[in-house]
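Let me begin by presenting the structure, written as C-alpha cells, before commenting on it.
The values are calculated or read from the model by the stated rules, or taken from the named source; none is laboratory data. Note that the structure is a prediction, hence the values are computed from the model and not measured. Note that each Cβ is placed from the backbone with ideal geometry, even for glycine, and that neighbours are counted across all protein chains shown.
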C-alpha cells in the first residue's frame with residue numbers, strides 16, 4: 001500500500017510541475033538500481049548516470065554506423081606498434097560538479113581515470129564492470145587479489161599497467177591486444193573519480209554522484225526518479241557539426257557548435273505501468289515515449305506508420321532497429337534444467353516464438369536467426385537456429401529427458417525481470433506454452449533490481465534474458481558466455497565450455513575480418529549444441545516524441561543524448 005501511495009503522489013507531482021519550457025521530462029520503466037558508474041549496468045540506471053558522468057570517448061550522436069569521438073580525451077590515443085601500450089591525453093580545464101566530496105573547482109586529472117579502473121577491480125566496490133579489464137591490464141588481477149577490500153592498499157598499492165606521468169597523461173599497458181579498449185573507455189564504467197571523493201564517500205556512490213557531465217543531480221530517489229540541473233561550467237563537448245545523410249535530411253545539424261546543454265533541467269520519473277506512461281505522454285507530462293505492445297495498436301497502423309489522429313497532435317515517430325535482443329536463458333549449474341540437455345531442447349521446441357512476437361511486440365520485432373544481432377560485423381542473415389516450434393518434437397525430447405508427459409518433473413521456476421503487467425503476461429505465456437507439453441512452470445515476480453541480484457548470485461533457474469550491446473562488436477556478445485565472467489559477472493548462465501573459451505581467447509584479440517568471422521561461426525555452433533539459451537527476437541523500437549522536442553535522434557546505445565535536446569514552442 002505504501003508503494004502504491006508513493007506512485008500516486010509521484011504522478012500528481014509530475015502533473016503539477018509539467019509544461020515547463022526549461023525542463024525535459026522523461027519516464028523510466030522501473031526503479032533505478034544505482035547511480036554508481038562502477039555498478040550501473042542496466043538500461044534504467046544508464047539514463048541518469050550518463051547525464052552526470054563522462055568518459056574519455058563518446059559515440060558520435062549523428063552518425064551511423066556508430067563511431068567514437070573524443071569527449072574528455074584530447075584526441076585519439078597513441079598506440080604502440082605491438083598494440084599493447086595506449087597513451088591517452090586528457091583535456092585541460094574540465095571541472096567536476098560542485099560537491100562536498102571534493103574541493104570547489106576541482107579539475108579532472110589522469111589519475112582519476114586510473115582510480116576508476118581500480119574501483120572496477122576492487123572487490124569492495126562490487127562492480128559490474130570488471131569484465132572490461134579482467135586479465136587484460138598488466139598487474140590488475142594481481143592487484144585485485146592482493147588488495148581485496150582494503151581501502152588503504154587501494155591507494156598505496158600500484159598497478160603495473162596503469163601509470164600517469166603527469167596530470168594530463170594516462171598510460172595503459174595491456175597483456176595482449178585489446179581491440180575494444182576504446183569502446184571500454186567510452187563507457188560510464190571508466191568515468192573518472194577523484195581519490196578524495198572515494199575517501200569522503202567511503203567508496204559508496206550508489207546514491208550520490210560526482211561527475212563532469214552536462215547535468216548534476218539535485219534530487220534522487222531510486223523508486224521515484226531523479227531531478228537534474230544544468231552544469232553551468234560544462235565544457236567537455238559541443239553540438240556536433242557533422243552527421244550522416246539522415247541527420248542532414250532531418251535538419252539535425254542546425255544547432256551545430258553552440259555550447260551544451262540547451263535545457264536547464266531534466267526530470268526522470270519512474271512510471272512502471274504502460275497505460276500511465278501513455279496518458280502522461282499524451283498530456284505532455286513527458287516528452288518522449290518508447291512504445292510497448294500495449295499501445296502499438298493505438299498509435300500505429302498495421303503497416304507500422306503513425307496513425308493520422310496521432311500525427312495531428314504533432315507527434316513524431318522514429319522507428320529504429322536496435323542492438324537489443326532477447327532469449328530464454330537457463331542456469332547451467334541448476335541440477336534440473338542445467339544438467340539435462342534434452343529438457344532444454346523440449347523447452348526450445350515447446351515455445352511458439354512467432355506467437356510471442358505477435359503478442360508482445362505487435363509483430364514489430366525480428367525473429368532471431370543467430371546468437372549475434374544484426375549490426376554486429378560477422379552476423380549472417382543466412383544463419384539458422386537448430387530449434388523451432390514443434391509440440392510433437394518437444395514431447396519427444398521431454399520423454400528423452402526422463403519426464404514423459406512431464407511425469408516426475410517438479411515445477412520449474414521462471415523469473416521475470418519486472419512486476420508490471422506486461423512482464424507478468426510474458427511469464428504467463430511461457431507458463432501456458434510449456435503446460436501444453438506437460439511442464440509445470442511457476443512464474444517468479446521480481447522488481448528489476450531484485451531480478452539482477454538473483455542473477456548475480458546465480459539463483460535463477462530459467463528466465464527471459466536480454467542484452468543491449470555496449471558496443472557493436474561480437475566480443476560484447478561472446479563475453480556473456482565466457483567462463484571468465486561467471487557470476488557475479490555477466491555469464492549468468494554459468495556456461496562453461498573449454499573449447500568455446502579457447503576460441504574466444506583468440507577471437508577477442510583480433511580485428512574484424514575473415515578469421516574472426518570463422519571463429520564466431522564455430523562458437524555459435526558450440527552454443528547452439530549446448531543450448532544455454534533459446535534465442536527469441538531482435539528488438540525494433542518505435543519511439544514517439546512531441547514535435548516541440550528538437551534534436552532528438554533515438555539510439556539504444558547512446559545514453560548521454562539529453563545534452564543535445566531542446567524544447568521550442570511547448
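Regarding residue 472, is this residue more than 30 Å from residue 216 (Cα to Cα), under 18 Å from the mean Cα position of the chain (by Cα), assigned to a loop (DSSP other than H, G, I, E, B) and not assigned by TED's automatic domain parsing to the domain that holds residue 311? So residue 472 does not fit the description; no. Take the residues of region 270-293 that are farther than 16 Å from residue 564 by Cβ and part of a strand (DSSP E or B): which is modelled with the lowest pLDDT? Filtering region 270-293 for residues that are farther than 16 Å from residue 564 by Cβ and part of a strand (DSSP E or B), the one modelled with the lowest pLDDT comes out as 290. Region 100-166 holds helices (runs of 4 or more DSSP H) entirely within its bounds, and those carrying 1 or more residues that are in contact (Cβ under 8 Å) with a residue 60 or more places away in the chain map to 110-121. Here residue 457 does not fit the description of being assigned by TED's automatic domain parsing to the domain that holds residue 316, in contact (Cβ under 8 Å) with a residue 24 or more places away in the chain and either buried (at least 20 other Cβ atoms within 10 Å of the Cβ) or more than 17 Å from the chain's Cα centre (by Cα) (or both).
From the list 99, 67, 127, 80, the one residue that fits, being outside the structural domain of residue 486 (by TED's automatic domain parsing) and out of contact with any strand residue (DSSP E or B) (no Cβ under 9 Å at 6 or more places or on another chain), is 127. Has region 384-394 got at least one residue that is surrounded by fewer than 19 Cβ atoms within 10 Å (Cβ to Cβ), at pLDDT below 95 and either closer than 25 Å to residue 485 by Cα or under 25 Å from the mean Cα position of the chain (by Cα) (or both)? No: zero hits. Any idea how many residues of region 257-269 are out of contact with any helix residue (DSSP H, G or I) (no Cβ under 7 Å at 6 or more places or on another chain) and modelled with pLDDT of 95 or more? Residues that pass the stated criteria total 5.
Within region 520-533, one or more residues are in a strand (DSSP E or B) and either at negative phi or in contact with a helix residue (DSSP H, G or I) (Cβ under 6 Å, 6 or more places away or on another chain) (or both). Only one entry in 490, 536, 484, 479 is over 30 Å from residue 25 (Cα atoms), within 23 Å of the chain's Cα centre (by Cα), assigned to a strand (DSSP E or B) and not assigned by TED's automatic domain parsing to the domain that holds residue 215, namely 536.
Counting just the residues of region 432-448 that are in a helix (DSSP H, G or I) and surrounded by 17 or more Cβ atoms within 10 Å (Cβ to Cβ), which one comes out modelled with the lowest pLDDT? Of everything passing the filter in region 432-448, 448 is modelled with the lowest pLDDT.
Residues in region 69-90 that are in contact (Cβ under 8 Å) with a residue 24 or more places away in the chain and either over 25 Å from residue 136 (Cβ atoms) or crowded, with 18+ Cβ neighbours inside 10 Å (or both): 71, 72, 73, 77, 86, 88, 89, 90.
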